[in-house]
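Novice: Okay, here's the structure, questions in a sec.
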Amino acid sequence: MRNEIELEVLIEDYLSGRLSEAEANAFELRRAQDPQLDHKVVAHKMFLESLSDFGNQSSLKDKLNKIHSTIDVDTLSEELRPHPSFIVNLWRKNKSAFAVAASFLVLTFVSIYSISHSSKQNGSYEMMRRELVKIQNSQNRLIRNVNSNNKAVKAPVNPAQFGGTGFALTSNGYLCTNYHVIDKADSIYVQNSKGDSYKVKVVYQDPQYDLAILKIVDSQFTALNALPYKLKLNNAGMGEHVYTLGFPKDDAVLGEGYLSSNTGFGGDTLSYQVDIRVNPGNSGGPLLDNQGNIIGVISAKETSIDGAAYAIKSKYVLEALRAIPQDSLGSTVKLNKKNPLQGLHRTEQIEKIQDHVFMIKVYN
């Protein structure tokens, strides 16, 4: 508890500029190496800004009250109502005070609008999990048989309730998706581009980073080909062209755009903001750059801004994968050092990755 209090004091001193240059540089280095600390700094900064906005609003209100208290509105209205000329004289004598009052009113309305707009932004952050029970046309296609060696394995008879997207992290069946896609699931199946369905289990989940690692546990599953992409661990550049492959409907859908910010919703450093059209069902889909590197995982969008989506940075996917004991992974995870997709045309890249991207079907 004491360490937490000391950390909060340190963060506040850092944000207030009370640290020496050497202390600030040391803190910046620690922040760059500790994502959780960085997240706390961002949250504390937003809290301080909210307090500042509230203080400014209260100060404006006090000044307006003081100005209002100096004016006897009832007496003036009674005296001046029959004599319009007096109103002109009053304006000439007090126009400075009225101008100040009007300025404060305008500032107050602007502040209130700004705060109101910010609060509405919080409500417009929408997770991209797809509610399959609302899509009647897809129910028949959501349940498909797995035909392998003349054996049929069936998914549950009832239609899945929620869906999303996932992508392969290893050739032996480990997949990545969002935590909110599989949250509270009784059973989970994945479906590949050929319509084959496989049962999976959750082997790792992190609500804070909104990530989950799944493992295909179906006896009909055979190992995938070598991964055609690699995880990009350093930050991508603003303006970089990106694309995603996901399942907002029963077939894979391509979405293209560009990286518009190196931080996510509310300045969240765990995510990117991308200008790309996504819909419910895209959650958990890979976000790739032009060279075919996975730079993030699509997680949400902002409903009040057309095309503003958010993706968790890929370095946190690697952290989640490394949190799983190596003996349970079956083999040591080796990331591609070279990207097989580099230099290929977009259609060629998609052809190679589509068998490694899956539709997630969640049953509750």
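The values are calculated or read from the model by the stated rules, or taken from the named source; none is laboratory data. Note that the structure is a prediction, hence the values are computed from the model and not measured. Note that we place each Cβ from the backbone using ideal geometry, even for glycine, and neighbour counts take in every protein chain shown. With ligands, DNA and RNA removed, areas are computed over all heavy atoms of the protein, side chains included. Shrake-Rupley method; radii C 1.70, N 1.55, O 1.52, S 1.80 Å.
Listed here are the residues, each with its yes/no results for (1) acidic (D, E); (2) under 22 Å from P340 (Cβ atoms); (3) open to solvent by 10 Å² or more (accessible area, probe 1.4 Å); (4) in contact with a Ser or Thr (Cβ under 7 Å, 6 or more places away or on another chain).
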{"residue": "T170", "(1), (2), (3), (4)": "no, yes, yes, no"}
{"residue": "K184", "(1), (2), (3), (4)": "no, no, yes, no"}
{"residue": "D206", "(1), (2), (3), (4)": "yes, no, yes, no"}
{"residue": "N234", "(1), (2), (3), (4)": "no, yes, yes, no"}
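Table: residues versus (1) open to solvent by 10 Å² or more (accessible area, probe 1.4 Å); (2) under 24 Å from I350 (Cβ atoms); (3) in contact with an Asp or Glu (Cβ under 9 Å, 6 or more places away or on another chain).
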{"site": "V242", "(1), (2), (3)": "no, yes, yes"}
{"site": "K249", "(1), (2), (3)": "yes, yes, no"}
{"site": "V253", "(1), (2), (3)": "yes, yes, no"}
{"site": "G257", "(1), (2), (3)": "yes, yes, yes"}
{"site": "D268", "(1), (2), (3)": "yes, no, no"}
{"site": "R277", "(1), (2), (3)": "yes, yes, yes"}
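Novice: Related question: Do you know which residues across region 344-364 are over 16 Å from K249 (Cβ atoms) and either open to solvent by 70 Å² or more (accessible area, probe 1.4 Å) or part of a helix (DSSP H, G or I) (or both)?
Specialist: H345, R346, T347, E348, Q349, I350, E351, K352, I353, D355, H356, N364
Novice: Does region 10-31 hold any residues that are hydrophobic (A, V, I, L, M, F, W, C) and surrounded by 11 or more Cβ atoms within 10 Å (Cβ to Cβ), and which are they?
Specialist: Within region 10-31, L10, I11, L15, L19, A24, A26, F27 qualify.
Novice: Consider S69 against the criteria (1) modelled with pLDDT of 75 or more; (2) open to solvent by 70 Å² or more (accessible area, probe 1.4 Å); (3) hydroxyl-bearing (S, T, Y): it satisfies all of them except one. Which criterion is unmet?
Specialist: Answer for S69: the failing condition is (1).
Novice: Sticking with this structure for a sec: Would you mind stating whether E319 is open to solvent by 10 Å² or more (accessible area, probe 1.4 Å) and assigned to a helix (DSSP H, G or I)?
Specialist: Judged against the criteria, E319 is a match.
Novice: Within region 279-299, can you find the residues that are surrounded by fewer than 24 Cβ atoms within 10 Å (Cβ to Cβ) and in contact with a His (Cβ under 8 Å, 6 or more places away or on another chain)?
Specialist: D289, N290
To keep it simple, each residue is scored yes or no on (1) in contact (Cβ under 8 Å) with a residue 40 or more places away in the chain; (2) of a type outside the set (D, E, K, R).
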| site | (1), (2) |
| --- | --- |
| G237 | no, yes |
| E240 | yes, no |
| F265 | yes, yes |
| D275 | no, no |
| L288 | yes, yes |
| A300 | yes, yes |
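Novice: Shifting gears a bit: Could you list all residues from region 170-221 that are touching a Pro at 6+ places or on another chain (Cβ under 7 Å) and closer than 15 Å to A323 by Cβ?
Specialist: Of everything in region 170-221, just one residue is touching a Pro at 6+ places or on another chain (Cβ under 7 Å) and closer than 15 Å to A323 by Cβ, namely Y179.
Novice: Could I ask something else about it? Can you name every residue in region 300-316 that is surrounded by fewer than 24 Cβ atoms within 10 Å (Cβ to Cβ) and either of a type in the set (F, W, Y) or touching a strand residue (DSSP E or B) at 6+ places or on another chain (Cβ under 6 Å) (or both)? Walk me through it before giving the result.
Specialist: Narrowing region 300-316 to residues surrounded by fewer than 24 Cβ atoms within 10 Å (Cβ to Cβ): 302-308, 315-316.
Hits for region 300-316 are E302, T303, G307, A308, Y316.
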